[in-house]
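These notes concern the structure reproduced below.
The values are calculated or read from the model by the stated rules, or taken from the named source; none is laboratory data. Just so it is clear, the structure is predicted and the values come from calculations on it, not from any experiment. Positions of Cβ are generated from backbone atoms using ideal geometry, with glycine treated the same way; all protein chains shown enter the neighbour counts. To get the accessible areas, we keep the full protein, side chains included, count just its heavy atoms, and leave off ligands, DNA and RNA. Shrake-Rupley method; radii C 1.70, N 1.55, O 1.52, S 1.80 Å.
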Amino acid sequence: MSGLLNVAKINGIEAIEEVVAGTQLEPTQLAPGRLTGSMAQLLVGNRLLSTAEISGSFRAYGPLSESNCTLGAIIDSSGSNSQWDYETRFGDVAVVPAGVEHDARYSQHTHWLAIGLPLEDVHRLAALYELKGGTGFWQRPAMYRSSLRTRELISTILKRVALSMEAVPAVA
């Protein structure tokens, strides 16, 4: 089954907790004030695509998935962000292997997109696009920063994907 699984308006940390219910991810608010924004999840076959645009400061800690490798990037941000204590900027790409603890901190306004894929799909796509690194490359957590121009392209493409998710019908 494929289609939009969940769209949530964020109005406080409780709304984020509801969206991640059933996972081991634990969101925690880091600063006073109300978190606001929206989150959407789209299931395409066995791939879970998620996007969020949130204003406020919070931490998300825990495995993103027990079965899928997650690739994610910040599309846009007005604050400072980190993944595993590594400063992240728009267009940086995170690799979060299945079952690995994710530790992200977001502040001010952040827009991101992530896709969870079975590891076999990641290996197949890496081979298709002749990405170097071998199969073990995708089994350890990492952050990758490319040139400014490449990060701008990544951010532009992911913003288009995130916007197109809104047009997908909800799953019944």
Item to check | Förster-model FRET efficiency, 41 Å R0, Ser147 and Arg34, C-beta, rounded to 0.05 | outcome: 0.65
Next on the checklist: Can you compute 3J(HN,Hα) from phi for each residue in region 129-146, using the Karplus curve 6.51 cos²θ - 1.76 cosθ + 1.60 with θ = phi - 60°, rounded to whole Hz and x for Gly and Pro?
Outcome noted: 9, 6, 7, 7, x, x, 5, x, 4, 8, 10, 9, x, 7, 10, 10, 10, 9
Item to check | Highest-fluctuation residue, Leu158, Leu148, Leu117 considered, GNM on the chain with Cα pairs under 10 Å | outcome: Leu148
Item to check | Computed E for Gln139/Glu87 - FRET, C-beta separation, R0 25 angstrom, nearest 0.05 | outcome: 0.55
Checklist outcome for this item: Per its Cα gyration tensor (rounded if a/c is under 1.5, else prolate when a/b beats b/c, else oblate), region 22-63 is best filed as oblate
Checklist outcome for this item: Among Ala127, Ala15, Ala94, the residue with the largest mean-square fluctuation in a Gaussian network model of the chain built from Cα contacts under 10 Å is Ala127
Item to check | Within the chain: Cβ-based charge dipole about Cα centre, in debye rounded to nearest 20 (Lys, Arg +1; Asp, Glu -1) | outcome: 480
Item to check | For Gln108, distant residues with modelled amide H under 5 Å away | outcome: Gly56, Ser57
Checklist entry - Full extension from Val44 to Arg59: what is 0.36 nm times the residue separation minus their Cα-Cα distance, to one decimal in nm? => result 2.7 nm
Checklist entry - Per-residue ellipticity at 222 nm for the chain, helices alone: DSSP H runs ≥ 4 residues times -39500 (n - 2.57), over residue total, nearest 500 deg cm²/dmol? => result -6500 deg cm²/dmol
Checklist outcome for this item: Which residues qualify? For Ile10, with a placed amide H closer than 5 Å and at least 5 residues away or on another chain, they are Gly37, Ser38, Met39
Checklist entry - Ignoring ligands, DNA and RNA, what percent of the accessible area of the chain is carbon or sulfur (1.4 Å)? => result 56
Item to check | Stretchable slack from His109 to Leu131, in nm (0.36 nm times residue separation minus alpha-carbon distance) | outcome: 4.7 nm
Checklist entry - Which of the GluC sites (Glu not before Pro) found in region 48-102 are loop residues per DSSP with 15 or fewer other Cβ atoms within 10 Å of their Cβ? => result Glu66
Checklist entry - So what are the ³J(HN,Hα) numbers for region 13-18, from phi and the Karplus equation (6.51, -1.76, 1.60; θ = phi - 60°), rounded to whole Hz, Gly and Pro as x? => result 4, 4, 5, 5, 4, 5
Checklist entry - Averaged per residue, what accessible area in Å² does region 1-137 show with a 1.4 Å probe, protein chains only? => result 50
Checklist entry - Residue by residue through region 75-91, which ³J(HN,Hα) values in whole Hz follow from phi under the Karplus form 6.51 cos²θ - 1.76 cosθ + 1.60 (θ = phi - 60°), with glycine and proline marked x? => result 7, 7, 7, 10, x, 9, 9, 8, 10, 6, 6, 9, 4, 10, 10, 4, x
Item to check | Relative contact order (%) - criterion: Cα under 8 Å, at least six apart; region: region 8-83 | outcome: 30
Next on the checklist: Multiplying the sequence separation of Asn11 and Lys159 by 0.36 nm and subtracting their Cα-Cα distance, what value in nm do you get?
Outcome noted: 51.1 nm
